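Engineer: Please read through the structure below; I'll follow up with questions.
Please treat every number below as a calculation from the coordinates, not as lab data. Because the structure is predicted, anything quoted here is derived from the model rather than measured. In this analysis, Cβ positions are derived from the backbone assuming ideal geometry, glycine residues included, and neighbour counts consider all displayed protein chains.
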Amino acid sequence: MFKRLFLVFCLLVLVSQSAFANIELLSPVKAVLSDDASIQAGFIEPNQVFDLIFSDNSGYGFEWNNVSVDKTSLPNGWSIVSTDITDTSLIVSIKVPENASPNFYNLNVLFSNDLQPAFRESINVRVVVKQNLLDVSFTRISPESLSVVGSEIPYKVVLTNSSIASYPVVVSSTLPVSWFSERTLVVKPNEVPESDLVVVPQIYGKKDFSFQAKSVNSGLVVKSFSSELNVLPTLKGKFSSAFGGFPFFTFSLLPFQMFDSFFGLVLAN
């Protein structure tokens, strides 16, 4: 009788432990999964690197200290960039090749502990390779009105990253570097940040230009935005304009522009 009760007790303990066993996915989505479960992680573009981050809590009273991706489930050309074990998590970084075809891909992720070899679990993580996961929009914050040489003209760029990887973007313009400096922005996975862009005109007159947002991932221009500046001169700005560029781009005005420039330097001093 006692032996039978002991067996029942052991069975209850085992069932209880199994009930609390889990694999906790922290990123790119949050979920608690049982052994051999599947989950949709999100979208990824070719030539990107994404992270799968898991809690090291096994649910069995010990911590997972090994994580790996079953090589038979790793698509052709995909590679494991790194595997990191921290105090609280396990991180697998995976590189998607540049020639990866748009499709659904299943990755079998394995978990184990060196001191508990009897406990081994796995889950299936599905990712979708897709193109054009970055969306960009530009707006001019101030009205399309007259500005002054040397004043700041604010614009705004909104970047929508629908992928599960960080997305570096280069924002440039057709303006001289002294008017606007190229910027590199890194958009975190599944985020929609806004960033301010400031143009500082160095000469007066009308100026047509455009912004471009180029994906570092693909090397392609994702978005272009055209705008016009109508800049009024200040006294100093008018006389020093030849050093920043000629507002009317007329060679016959060269002697007058040079005179204005040197006269402007005298005024400045």
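Engineer: For a test of the definition: using alpha carbon positions, the gyration tensor, and the 1.5 limit on a/c, classify region 134-232 as rounded, prolate or oblate.
Structural biologist: Taking the square roots of the gyration eigenvalues as a ≥ b ≥ c, region 134-232 is prolate.
Engineer: Could the peptides 173-182, 99-108, 200-209, 46-55 be put in order, highest first, of the mean number of other beta-carbon atoms found within 10 Å of their residues?
Structural biologist: 46-55, 200-209, 173-182, 99-108
Engineer: Follow-up. When Lys and Arg each count +1 and Asp and Glu each count -1, what net charge do the other residues less than 13 Å away from residue 170, Cβ to Cβ, add up to?
Structural biologist: +2
Engineer: Further question on the same structure: For region 126-170, restrict the atom set to alpha-carbon positions and state the Rg and Dmax in Å.
Structural biologist: Rg and Dmax of region 126-170, Cα atoms, are 16.4, 54 Å.
Engineer: Okay, moving on. Which one of 177, 162, 197 is farthest out on the positive end of the charge dipole of region 158-230, using unit charges on Cβ (Lys, Arg +1; Asp, Glu -1) and the Cα centre as origin?
Structural biologist: With unit charges placed on the Cβ atoms, the residue in question is 177.
Engineer: Could you rank the peptides 79-91, 31-43 by their average count of other C-beta atoms within 10 Å per residue, with the highest value first?
Structural biologist: Taking the mean over residues of other Cβ atoms within 10 Å, the ranking is 31-43, 79-91.
Engineer: Given the Cα-Cα distance of residue 72 and residue 49 and 0.36 nm per residue of separation, how much length would full extension add, in nm?
Structural biologist: 6.3 nm
Engineer: Please work out the C-alpha center-to-center distance from region 217-232 to region 47-68 and express it in whole Å.
Structural biologist: 42 Å
Engineer: Limiting things to C-alpha atoms, what are the Rg and the maximum Cα-Cα separation (Dmax) for region 100-152, in angstroms?
Structural biologist: 25.7, 74
Engineer: Within 9 Å, Cβ to Cβ, of residue 159, how many net charges do the neighbouring residues add up to if Lys/Arg are +1 and Asp/Glu are -1?
Structural biologist: Once positives and negatives cancel, what remains is -3.
Engineer: What FRET efficiency comes out for residue 216 versus residue 63 if R0 is 35 angstrom and r is the Cβ-Cβ distance? Round to the nearest 0.05.
Structural biologist: 0.45
Engineer: Taking the Cα centre as origin and putting +1 on Lys and Arg beta-carbons and -1 on Asp and Glu beta-carbons, what dipole magnitude results for region 134-232, to the nearest 20 debye?
Structural biologist: Once rounded to the nearest 20, the dipole reads 140 debye.
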